[in-house]
Amino acid sequence: MMFHPRAQKTVNHHAVASMISVGFIMAAGVAMGQSGGLSLPEDGGPLNGTAQAGSAAIARDAQTAWTNPAGMTRLTSSEILLTFQPLSMKFEFQPGPENTVSGTSGGDQGGGLPGGSLFFATPVSEKVALGFSATSPAGLILEPETDWVGRYYMTTTKLAVLNLEPSIGFKLGEKWSVGGGIDIQYAKFEQQIAVNRPGPDDGRISLDGDSWQLGFSLSTLFEPGNDLRLGLKYRSEVDHALAGDLEGWQGAPVSTGLLMPQNLTMSAYHQVSQTTALLLDIGWHNWDAFDRTIITVDETSGRQVEIPRNFNDTWTVAFGAHLRASEKWLFMGGAGYTTSAVDKVDRTPDMPVDAQWRISAGAELEAGERWRIGGNYTYLDLGDNALNTSLVIPVARVAGDYTAYVHVLGFYASLRF
């Protein structure tokens with residue numbers, strides 16, 4: 001079926017809604033926590049240096065206001081920690097013979113994405129500590145060439161999520177602390193897709209939506225001895241209701257969901273000697289809860305499209321180490337693996353990722369009694385991802401292989417006062 005803007009009054013609205021919403025429905029797929037997508041745990045802070053290993057147990061600086069608020073009770077002074085994180089995403093597509101649409105490979109579809117975060121923690125008594133964090137737990141830019149073979153899925157995708165969390169920690173005794181926070185989360189999504197219409201040139205549809213939602217976190221820290229800490233952190237689901245406009249088709253209002261799933265992280269930190277510590281993370285994300293996407297185009301008319309999704313829960317394992325070279329220098333390293341949230345048959349051009357492998361290294365300098373600065377690097381391999389999928393309207397099969405990887409740099413500085 002062809003769609004032409006001048007024929008809006010005679011077109012089947014349900015069919016058009018299906019077609020023009022294909023790109024928009026993937027908004028719920030690209031924001032993918034520590035799973036098969038691109039909502040990455042990296043935030044530029046010290047934990048980047050260990051591939052996030054020990055995240056809920058290390059509790060050594062203000063970053064614990066985000067990773068485990070219970071750990072703030074270990075801090076003896078107030079601290080503010082600022083990070084800067086530029087990253088480079090590489091997505092290269094090699095079309096296969098099954099494609100039914102002519103076009104290019106899209107070139108390098110990724111791009112640079114600046115980021116950063118802020119963490120603050122302060123003890124207010126011997127048993128209570130307060131904190132605040134500002135992070136960006138999801139972000140993505142995909143900008144393939146406009147004539148690429150997957151243009152009927154998307155020509156541009158931009159996603160950004162900002163999370164603000166005030167938090168509190170309580171010390172229950174010598175060994176136990178508990179904590180929690182309230183997540184105030186904003187999501188912004190923009191996308192353009194091509195529309196197959198009569199004539200030599202494609203049409204264009206622009207989608208734009210945003211949402212504010214609330215969530216929460218709960219955590220605990222157990223210290224059975226001076227050399228061992230065990231942490232557990234739960235973060236609730238945040239289900240965004242993205243509402244925006246559909247430019248290029250009567251300016252119709254559009255709404256859909258973007259799910260940030262509930263997740264659980266178990267961590268360990270073990271000081272095996274005066275110079276060496278070992279770190280461990282095991283994480284679970286409940287992506288199985290994301291079984292379908294519902295798109296509504298102009299609520300007053302009742303035009304709605306339901307798209308089945310077959311996501312899987314994901315598991316992450318990460319190992320890391322700290323090496324204290326001197327009183328001033330600390331070196332870090334780590335590696336991690338995350339299972340895939342999506343099988344080949346369900347993979348789309350908006351979500352060209354599979355399992356994740358990450359390797360990280362970092363260094364930190366005690367620049368004075370109050371100052372600490374550090375830097376780190378992470379290489380994130382998103383797999384050699386086969387893709388073979390098609391749209392119903394218009395019939396457009398996209399098949400081939402994605403090579404996807406990310407370079408992440410992190411820089412941070414903290415002030416204790």
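The values are calculated or read from the model by the stated rules, or taken from the named source; none is laboratory data. Everything quoted here is computed from the prediction, not taken from an experiment. Here Cβ is always computed from backbone atoms with ideal geometry, including for glycine, and neighbour counts include all displayed protein chains.
Within segment 131-140, track down each residue that is crowded, with 19+ Cβ neighbours inside 10 Å and among the aliphatic types (A, V, I, L, M). Even if it seems obvious, please write down each step before you answer.
The first filter runs over segment 131-140 and keeps only residues crowded, with 19+ Cβ neighbours inside 10 Å, leaving 131, 133, 135-140.
Those that are crowded, with 19+ Cβ neighbours inside 10 Å and among the aliphatic types (A, V, I, L, M): Ala138, Leu140.
Of Phe189, Phe170, Phe216, which residue is assigned to a strand (DSSP E or B), more than 18 Å from the chain's Cα centre (by Cα) and either within 27 Å of Thr135 (Cα to Cα) or modelled with pLDDT under 95 (or both)?
Details: Phe189 fails: more than 18 Å from the chain's Cα centre (by Cα); Phe216 fails: more than 18 Å from the chain's Cα centre (by Cα).
Step by step, each of Phe189, Phe170, Phe216 is checked, and only Phe170 is assigned to a strand (DSSP E or B), more than 18 Å from the chain's Cα centre (by Cα) and either within 27 Å of Thr135 (Cα to Cα) or modelled with pLDDT under 95 (or both).
Only residues that are among the small types (Gly, Ala, Ser) and surrounded by fewer than 23 Cβ atoms within 10 Å (Cβ to Cβ): list them for segment 173-194, please. Write out each step before concluding.
First, pick out the residues of segment 173-194 that are among the small types (Gly, Ala, Ser): 173, 177, 179-181, 187, 194.
Gly173, Gly180 - these are the residues of segment 173-194 that are among the small types (Gly, Ala, Ser) and surrounded by fewer than 23 Cβ atoms within 10 Å (Cβ to Cβ).
Yes/no per residue for (1) of a type in the set (A, V, I, L, M, F, W, C); (2) modelled with pLDDT under 95; (3) touching a strand residue (DSSP E or B) at 6+ places or on another chain (Cβ under 7 Å):
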| residue | (1), (2), (3) |
| --- | --- |
| Leu232 | yes, no, yes |
| Asp239 | no, yes, yes |
| Leu258 | yes, yes, yes |
| Ser267 | no, no, yes |
| Gln271 | no, no, yes |
| Ala277 | yes, no, yes |
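Conditions (1) modelled with pLDDT of 95 or more; (2) surrounded by fewer than 24 Cβ atoms within 10 Å (Cβ to Cβ); (3) more than 20 Å from the chain's Cα centre (by Cα), marked per residue:
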site	(1), (2), (3)
Gly110	no, yes, no
Pro114	no, yes, no
Phe119	yes, no, no
Val124	yes, yes, yes
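Does Met72 satisfy the condition of being in contact (Cβ under 8 Å) with a residue 24 or more places away in the chain and either surrounded by fewer than 23 Cβ atoms within 10 Å (Cβ to Cβ) or in a strand (DSSP E or B) (or both)? Walk me through it before giving the result.
Values: in contact (Cβ under 8 Å) with a residue 24 or more places away in the chain: yes; either surrounded by fewer than 23 Cβ atoms within 10 Å (Cβ to Cβ) or in a strand (DSSP E or B) (or both): no.
No, not satisfied.
For segment 317-335, how many residues meet the condition of being within 30 Å of Pro261 (Cβ to Cβ) and surrounded by fewer than 24 Cβ atoms within 10 Å (Cβ to Cβ)?
5
Read through the list (1) of a type in the set (D, E, K, R); (2) more than 30 Å from Glu79 (Cβ to Cβ); (3) surrounded by 15 or more Cβ atoms within 10 Å (Cβ to Cβ), then give the number of the only condition that Asp343 fails.
(3)
Return the residue satisfying two criteria in turn: it lies in segment 227-263 and is of a type in the set (A, V, I, L, M) and under 21 Å from Gly49 (Cα atoms), and of such residues it is nearest to the chain's Cα centre (by Cα).
Start the filter on segment 227-263 by keeping residues that are of a type in the set (A, V, I, L, M), which leaves 228, 230, 232, 238, 241-243, 246, 252, 254, 258-260.
This time we only want the ones that are under 21 Å from Gly49 (Cα atoms), so: 228, 230, 232.
Working: Leu228: 30, Leu230: 25, Leu232: 20 Å.
Within segment 227-263, the match that is nearest to the chain's Cα centre (by Cα) is Leu232.
Only one of Ser117, Ser102, Ser78 is among the hydroxyl-bearing types (Ser, Thr, Tyr) and within 30 Å of Asp401 (Cβ to Cβ); which? Before you say what the answer is, go through the steps one by one.
Working: Ser117 fails: within 30 Å of Asp401 (Cβ to Cβ); Ser78 fails: within 30 Å of Asp401 (Cβ to Cβ).
So the residue among Ser117, Ser102, Ser78 that is among the hydroxyl-bearing types (Ser, Thr, Tyr) and within 30 Å of Asp401 (Cβ to Cβ) is Ser102.
Give the residue, chosen from Trp212, Trp176, Trp148, that is of a type in the set (A, V, I, L, M, F, W, C), within 22 Å of Asp108 (Cα to Cα) and out of contact with any Pro (no Cβ under 7 Å at 6 or more places or on another chain). Even if it seems obvious, please write down each step before you answer.
Values: Trp212 fails: within 22 Å of Asp108 (Cα to Cα); Trp176 fails: within 22 Å of Asp108 (Cα to Cα).
Of the residues listed, the single one that is of a type in the set (A, V, I, L, M, F, W, C), within 22 Å of Asp108 (Cα to Cα) and out of contact with any Pro (no Cβ under 7 Å at 6 or more places or on another chain) is Trp148.
Output the residues belonging to segment 359-417 that are hydrophobic (A, V, I, L, M, F, W, C) and not in a strand (DSSP E or B). Can you show your working first?
Taking segment 359-417 first, the residues hydrophobic (A, V, I, L, M, F, W, C) are 359, 361, 363, 365, 367, 371, 373, 380, 382, 386-387, 391-393, 395-396, 398-399, 404, 406, 408-409, 411, 413, 415, 417.
The answer is Ala367, Val392, Ile393, Val395, Phe417.
So for segment 352-372 (the condition being in contact with a helix residue (DSSP H, G or I) (Cβ under 7 Å, 6 or more places away or on another chain) and either farther than 16 Å from Pro41 by Cβ or among the basic types (Lys, Arg) (or both)), does at least one residue qualify?
So in segment 352-372, the residues in contact with a helix residue (DSSP H, G or I) (Cβ under 7 Å, 6 or more places away or on another chain) come out as 360-362, 364.
Now drop any that are not either farther than 16 Å from Pro41 by Cβ or among the basic types (Lys, Arg) (or both), which leaves 361, 364.
Yes; the residues of segment 352-372 include at least one that is in contact with a helix residue (DSSP H, G or I) (Cβ under 7 Å, 6 or more places away or on another chain) and either farther than 16 Å from Pro41 by Cβ or among the basic types (Lys, Arg) (or both).
Cβ-Cβ below 6 Å, separation at least six or inter-chain, first residue in segment 203-228 and more than 26 Å from Arg151 (Cβ to Cβ), second assigned to a strand (DSSP E or B) and small (Gly, Ala, Ser): which pairs?
From segment 203-228, the pairs are Ser211/Ala187; Ser211/Ala241; Ser217/Gly180; Ser217/Gly181; Leu218/Gly180; Ser219/Gly179; Leu221/Ser177; Leu221/Gly231.
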